[in-house]
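What follows is a short report on a single structure.
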Amino acid sequence: MSQKIAVVTGGGTGVGKAITKALVADGYEVVVTGRREAVLREAADAIDPAHVHPIACDVADRAAVAALFAAVEDRFGRLDLLVNNAGVFSPSVPLEELSAEDWNNAVGANLSGSFFCLQEAFRMMKAQNPRGGRIINNGSVSATTPRPNSAPYTATKHAITGLTKAASLDGRRFDIAVGQIDIGNAASDMTAKMSGGVIQADGEMRPEPTIDAVHIARAVAYMASLPLDANVLTMTVMANQMPFVGRG
């Protein structure tokens, strides 16, 4: 098929916007989704309004996710790629001070949202002809090497690794390839404060280097370019000087 259809969650800003731009350059029609419709439309206009299609959706809302994928199926008839990119940080406070709302917000955006989207993608990819497709989950180096005061983010990103492996196993007999990209300090609105200082394992506040999100986008585009009999299960792309191999 000449037309390839992708959904990118959290696609209006930062890493998601960079991924969308890279996929459009590779010939995809990209549905970008996020909670803020105006941001999505601005991204679509900036990248390519003919091939970027904004649909507002809170991925933590199960019904909204179902409506999103129903709209994709109705418009395009199939789905070739899902990039589960949407996510949030939690307040950097001692874990005993986190509210239930903070915890639930992180779980909803980072984990439940990825699962809901993956479910809908599986349903479409199993039923369509040709069968199959690819799903790429956004993990994090924080899953295995966390920062202080990051329990909700770390726990949800650790869970994404389990979700990726389980879904990869469940999907392979249906020609669904599931992989994960673990990102370390891609420059975005979420990581902007790193240049001013981030708390380290020894309690010190120190700035951390970041990398241009275009490098993440290129990696995702490579993963997406593979035939469905090949898969990148996990890939780590990070700022070379960041304190990843031993925090502090």
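The values are calculated or read from the model by the stated rules, or taken from the named source; none is laboratory data. All values derive from a computational prediction rather than experimental measurement. Here the Cβ is made from the backbone with ideal geometry for all residues, glycine too, and neighbour counts use every protein chain on show.
List of remarks:
- Selected residue (criterion: surrounded by the most Cβ atoms within 10 Å (Cβ to Cβ)) from residues of region 26-45 that are in contact with a helix residue (DSSP H, G or I) (Cβ under 8 Å, 6 or more places away or on another chain) and of a type in the set (A, V, I, L, M, F, W, C): 32
- Any hit, region 133-149, residues being assigned to a helix (DSSP H, G or I), of a type outside the set (Asp, Glu), surrounded by fewer than 23 Cβ atoms within 10 Å (Cβ to Cβ) and touching a residue at least 40 places away in the same chain (Cβ under 8 Å): yes
- Taken together, 120, 96 contain a single residue that is over 13 Å from the mean Cα position of the chain (by Cα) and more than 24 Å from residue 222 (Cα to Cα), which is 96.
- Helices (runs of 4 or more DSSP H) lying entirely in region 1-92 (those with 3 or more residues that are at pLDDT 95 or above and touching a Leu at 6+ places or on another chain (Cβ under 9 Å)): 62-76
- Residues in region 9-42 that are in contact with a strand residue (DSSP E or B) (Cβ under 6 Å, 6 or more places away or on another chain) and closer than 18 Å to residue 187 by Cα: 9, 10, 11, 12, 15, 16, 19, 20.
- Verdict on residue 111 being closer than 16 Å to residue 62 by Cβ, buried (at least 16 other Cβ atoms within 10 Å of the Cβ) and under 15 Å from the mean Cα position of the chain (by Cα): yes
- Residue within region 169-182 that is acidic (Asp, Glu) and surrounded by 19 or more Cβ atoms within 10 Å (Cβ to Cβ) present: yes
- Every residue from region 47-73 that is surrounded by fewer than 19 Cβ atoms within 10 Å (Cβ to Cβ), over 28 Å from residue 103 (Cβ atoms) and touching a residue at least 12 places away in the same chain (Cβ under 8 Å): 48, 51, 71, 73
- Cβ-Cβ distances below 8 Å connect the following pairs, each with a first residue in region 230-241 that is modelled with pLDDT of 95 or more, a second residue that is assigned to a loop (DSSP other than H, G, I, E, B) and not aliphatic (A, V, I, L, M), and a separation of six or more residues or different chains: 234/139.
- Residue match in region 101-111 (condition: outside any helix (DSSP H, G or I) and closer than 25 Å to residue 193 by Cβ): no
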